[in-house]
Amino acid sequence: MEQEDVFYSEQLDCGIEVVGQPMAGVESAAVGILVGTGARDEEPAHFGVSHFTEQMLFRGTEHYDARALSESFDSLGVSYDSTAGLEMTLISAVFLGDRMEPTLNLLGDILRYPSFPEPDVESVRTQLLQELLQREDQPAQKVMDVLRQEFFAGSPISHDVLGGEATVSVLTRADLCDYWTQRYTANNMVISVAGNFDWKIFVHHIRRLTEAWSQGRGRMVIDKPTPKTGITVMHRDAAQENIGFAFPCVSVSDPDYYAAALLSLCLGGSSYSRLFREVRDKRGLAYAVQSRFDGLEKTGLMRVYVGTSVDRAHESIEVVLDELRKLETEGIMEDELSTAKTRLKSQLIMRSESTSARMVANLRSWWFEGRLRPLQEIKEEIDTVGVDEIASLVRTMAVMDNLAAVALGPRSEEELFGGVTVQPWRR
């Protein structure tokens, strides 16, 4: 058995689950701590608290101020990062394998003893409010975010990761401390390591650091959301129209996950894809067109984005909808699927050569599926997907019956969507 096929896993007495995968030929190691909390776990009065809390973690602990933390990481040559998303928060570090113990000590201090210094609460708040304003200058991102929020309206999956100005402006240090106490608990975490490490030594260090960590409720359970169809138009004086479409897809643990990933590549994943070919190459309608598949814990979402000029927006919508209709009626061709398989497997192989990417992939696999998957198994699963499986998936998704659209630009709903050939939501 090659080293890349070796996996380790152990659940510690405190409730934390630990997974590892050694990688031959590397001197570095990557460690990630997945905390099972994100925007979907927030109460309306505290929207944005996940991101706020995560941004405060590196601002100081009971033993280090922010400068001392930064200098300690720098002296070890450690690259570190944190991010809060819709369903999880990730704190990570990449370092040379022989610097594991001091790196873990720092990470453990950040997670267990954050001080949330009051002066930094205000400086981080200012940054987060600027981040909200910055998104307004990124219309493509704005459209994709609003598309998810409208599509899953009424479900926690609709929550905005950035929160909103009204809530971020009033969140207090006490709010952050309460959230950290409730959600950053031992039985709501998975720790992953990949690269150059000794498993027994790694587990020993983690056990020592976490043995006194408190247990909480664990992962919060939410219901599978019901998608909402319809059109949302946000008016803005601009020279471009930014348009997004969404339809339901599969969860990250669904057997059709890789069929969905391949479908997204065929639809709008690169310059060979249908939408790129029909919308951009053949007709020159848009400066940007792409599709994106996101598998979540309970459901999934397929989104299509089109960035076009104001005078070509209506035609762009017609062509995109026509391609979605053809997807349902005609399916995809063998040559399209073959190209998508090659591209997807190449992406997986290239990412697998990174300790960070391998660490994150294992975290997600363990969190959502409770297992670790060899790369060869994933490649074989991709290879087994056929055009019939793609067609079955498309029928299950009922694309044209479950479609939502969001537009941002100067055109009205009637100017954009009036009289389009396919109007599934305008019956």
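Points worth noting:
- Per-pair calculated FRET efficiency, R0 = 60 Å: Ile201 and Glu414 via Cβ, rounded to 0.05: 0.35
- In terms of other Cβ atoms within 10 Å, Trp366, Trp199 run from fewest to most in the order Trp199, Trp366.
- Using distinct alpha-carbon pairs, which all enter the 1/r mean, Kirkwood radius of the stretch 258-327 in Å: 12.3 Å
- Using Cβ point charges alone (K and R +1, D and E -1), the dipole size of the stretch 3-210 about the Cα centre works out to roughly 200 debye.
- Counting every other Cβ atom within 10 Å of each residue's Cβ, His63, His205 order from fewest to most as His63, His205.
- Sorting Ile390, Ile191, Ile201 from the fewest to the most surrounding beta carbons within 10 angstrom yields Ile201, Ile390, Ile191.
- Within the stretch 84-183, the percentage of alpha carbon pairs spaced more than 22 angstrom apart rounds to 47%.
- Radius of gyration over Kirkwood radius for the stretch 3-210, both on Cα atoms: the Rg/Rh ratio is 0.99.
- Taking the Cα centre of the stretch 230-417 as origin and assigning +1 to Lys and Arg Cβ atoms and -1 to Asp and Glu Cβ atoms, the resulting dipole is close to 680 debye.
- Placing +1 on each Lys and Arg Cβ and -1 on each Asp and Glu Cβ, with no other charges, gives the stretch 1-124 a dipole about its Cα centre of roughly 180 debye.
- Of the residues Leu111, Met359, Thr342, the one whose Cα sits farthest towards the positive end of the charge dipole of the chain is Thr342 (charges of +1 on Lys and Arg Cβ, -1 on Asp and Glu Cβ, taken about the Cα centre).
- 3J(HN,Hα) along the stretch 360-376: 5, 4, 5, 4, 5, 4, 5, 5, 8, 10, x, 7, 10, 10, x, 4, 4 Hz, from the Karplus curve 6.51 cos²θ - 1.76 cosθ + 1.60 with θ = phi - 60°, whole Hz, x for Gly and Pro.
- Distance histogram for the stretch 230-417 (every C-alpha pair counted, 5 angstrom bins, percent rounded to whole numbers): 1, 8, 15, 19, 18, 14, 11, 8, 4, 1, 0
- Pair-distance distribution P(r) for the stretch 177-315, from all Cα-Cα distances in 5 Å bins starting at 0: 2, 8, 12, 12, 12, 12, 11, 10, 8, 7, 5, 3, 0 percent.
- Translational D in µm²/s for the chain (Stokes-Einstein at 20 °C, 1.002 mPa s, Kirkwood Rh from C-alpha pairs): 92 µm²/s
Laboratory data are not the source of any read-out in this text; all were calculated from the coordinates shown. Just so we're clear, the structure is a prediction, and the values are computed from it rather than from any experiment. All Cβ positions, even for glycine, are placed from backbone atoms using ideal geometry, and neighbour counts span all protein chains on display.
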